[in-house]
Structures are given as C-alpha cells and as structure tokens.
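Single-structure report; data block below.
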Amino acid sequence: LKSMRKGKETNMPKGKKEGSINQKLNLCIKSGETLRGYKETLKSMRKGKAKLVVISNNTPHLRQTELEYYALLSKTPVHHYEGNNIELGTACGKLYRIGVLTIIKPGDSDIIESVTK
C-alpha cells in the first residue's frame, strides 16, 4: 500500500506505521520526559526545551496553526498524529484524552529521528 501525506510517499501500511509510532510514544513516556497539554507545550517551546510536538488530528485548526507557528519560531519539529485525542491518550498509556504532547527528553526511544525523516 502506498499512502501520501504532505508530499511524502511511504510503502508501509498505515496500521503498521501507526503501531510503531504508538510503541515509540509509549517507550518515550516511560523512559523519557514528556509534557501533556496545550499550555505546557507553549511554555516549553518558549523556553526552547521542546524536542518534538505531537498533535492529534482533531485539535482545533486555530490551535493547531498557533502550535505550528510557535514550533517554527523555536525550530521544533511537529508530528501530526493519525488518530484523535482519545487514541493519542491510549497510545501514551493514559486513561484520558491528550490533544497535544511535547517530548522534552526522548529517553530510550528514537521517536525524534523516525518522525523527522
């Protein structure tokens, strides 16, 4: 299967790619340092501590563009998560919704390298 996303062509099926991102997110949550939420993300980007920002696909457009703008200014990569905020929360091992996730220290995970390819 070939899927197109923002001009990038991948040969990996969607489910398999999303599964690997979920595993890397879970490892990052357990071994690294992360922040959850919009306000915490903005604070970390202003301070220059954010290494990667993960945004769920049902985040409001205005909030999404504001996060992308701050990320552009702070030179932080942004990953648009394929699932909604409920699925992002589940991928992180939490029982609540997560709309925006910031990775400060990836720990043992190589999520930053795999997402910025």
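A few comments on the model shown:
- Of residues in the range 83-112 being open to solvent by less than 30 Å² (accessible area, probe 1.4 Å) and hydroxyl-bearing (Ser, Thr, Tyr), the one farthest from residue 67 (Cα to Cα): 109
Quick grid of which residues meet (1) β-branched (Val, Ile, Thr); (2) under 11 Å from the mean Cα position of the chain (by Cα):
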| site | (1), (2) |
| --- | --- |
| 42 | no, no |
| 52 | no, yes |
| 57 | no, yes |
| 64 | no, no |
| 73 | no, no |
| 107 | no, no |
| 115 | yes, yes |
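- So residue 56, is it open to solvent by less than 30 Å² (accessible area, probe 1.4 Å), over 15 Å from residue 115 (Cα atoms) and hydroxyl-bearing (Ser, Thr, Tyr): no
- The condition (being farther than 13 Å from residue 21 by Cα and not small (Gly, Ala, Ser)) is satisfied by just one residue among 112, 104: 104.
- Scanning the range 23-40 for residues that are in a helix (DSSP H, G or I), open to solvent by less than 70 Å² (accessible area, probe 1.4 Å) and not polar (S, T, N, Q) yields 24, 25, 28, 29, 38.
- Residues located in the range 24-49, provided they are hydrophobic (A, V, I, L, M, F, W, C) and under 12 Å from residue 100 (Cα atoms): 35, 42
The values are calculated or read from the model by the stated rules, or taken from the named source; none is laboratory data. This one's a predicted model, so the numbers in the text were calculated from it and none came from an experiment. Accessible surface is based on the protein model in full, side chains and every heavy atom, while ligands, DNA and RNA are left aside. Shrake-Rupley method; radii C 1.70, N 1.55, O 1.52, S 1.80 Å.
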